[in-house]
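The values are calculated or read from the model by the stated rules, or taken from the named source; none is laboratory data. These numbers come from a predicted model, not from an experiment. With ideal geometry, Cβ positions are generated from the backbone for all residues, glycine too; neighbour counts draw on all protein chains shown.
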C-alpha cells in the first residue's frame, strides 16, 4: 500500500471535535464528573488514503471513530464530509449518509445477529437502502460480495457460529462494502485474529481499497499493523493529538517523546533500530483528571515546568509532519 496519498482532495475534515461524558451526580448532592474522551481534535482525511490512528487503550481512538460517523454526537466541533457539516444533520439526512460511511468493528461475532444467516447479514444494508433492486438481484450481489472477500456463495445459508474468526471478519467486511461506501472506519479489525489471519485480512482491505476507491480511518493499538496499512499516522494520547505525519516519516523520524516511546517498545532488540529508547515513568492519568498542560507531561522524561502549565499547540515542523510539544 502506498504510504503517501496520491491526492490532496479532502473527504473528511474534523475541526475542534470534542466528546465529553457526564458521569455520576444527581444523587445526594454529588457533583457530576466530566470525562473528556476526545479533546478538540482538528485533522482531515484525504480521499483515497488510509489514516492510521494509534495510541494506548483508553486514548479515545474508538470514540473518535464513532463520532466521525455520527454513531455518537460530538459535544462540540464540526465534522465536514464532502464539504457538509454532518454534525448538523437531522435523522433523515443521517440515514441517507449511512450508505457512504461504514464502521467495521473489532469483534465480528458480536456485530452479527447469531440467528441470521450469512445471506441475511450481507443483504441487510441492501434491503434497507436498495429497495429498487429485486430479491434475485440482491441475492446475486450478496454472492458477489462474499466472493470479493474470499468466501464462497455456498456459505450464504450458514450461520455465524459455523465460521472461524477470520471468516466472520470477512463477512462483516462484505456487509460493510455492500453499499459501496466512500469512507470506512476500521476499529481494531485484526486485533482478535491470529497473526497469519491478520495478514490475510489486512491484504484483503488493501485490495478492496484499490478496487473500490475506499478511504479508511484505521484504528489500532498495534504500531506494526498501522505502519503496514497507513499513508499517514495520527498518534493520540488522552484524547489529544501528539503527532501527525506521513507513515514512513513518522516511523523513521518520530519527534514527540510519546511516539518515540511507542516505537522504541516495538523495536526493542532490533539491531536495525538506532534510535534511543524512551522509557516512560508512571501510569496514564485518568481522563477524569487530565493534566493541566501537556497531557503527556506527567510521564515525559524531558518535561519542563512550562509543559505542566501550558498545553502545546499542534504545529507543523516540516511538510505534513505536525507535533504537539514545547520542546521539539
Name the one entry in 233, 184 that is at pLDDT 95 or above, in contact with a strand residue (DSSP E or B) (Cβ under 6 Å, 6 or more places away or on another chain) and closer than 17 Å to residue 54 by Cβ. 233
Output yes when any residue across segment 81-97 is assigned to a loop (DSSP other than H, G, I, E, B), closer than 17 Å to residue 173 by Cα and without any contact (Cβ under 8 Å) to a residue 60 or more places away in the chain, and no when none is. no
Can you give me the ranges of the helices (runs of 4 or more DSSP H) entirely in segment 110-214 with at least 1 residues that are closer than 26 Å to residue 224 by Cβ? 165-176, 195-212
Considering only segment 98-119, state which residues are surrounded by fewer than 18 Cβ atoms within 10 Å (Cβ to Cβ), within 19 Å of the chain's Cα centre (by Cα) and at pLDDT 95 or above. 100
Is it the case that segment 228-235 has a residue that's in a helix (DSSP H, G or I), within 25 Å of residue 10 (Cβ to Cβ) and within 14 Å of the chain's Cα centre (by Cα)? yes
Quickly run through segment 247-262 and pick out the residues that are within 20 Å of residue 300 (Cβ to Cβ) and assigned to a helix (DSSP H, G or I). 250, 257, 258, 259, 260, 261, 262
Taking segment 54-71 and keeping only residues that are in contact with a strand residue (DSSP E or B) (Cβ under 7 Å, 6 or more places away or on another chain) and either assigned to a helix (DSSP H, G or I) or surrounded by fewer than 18 Cβ atoms within 10 Å (Cβ to Cβ) (or both), one is left with 61, 62, 63, 64, 65, 67, 68, 71
Every residue in segment 128-143 that is more than 27 Å from the chain's Cα centre (by Cα) and closer than 22 Å to residue 169 by Cβ, please. 141, 143
Matching residues, segment 278-315, being crowded, with 17+ Cβ neighbours inside 10 Å, outside any loop (DSSP other than H, G, I, E, B) and free of Cβ contacts under 8 Å to residues at least 60 places away in the same chain: 307
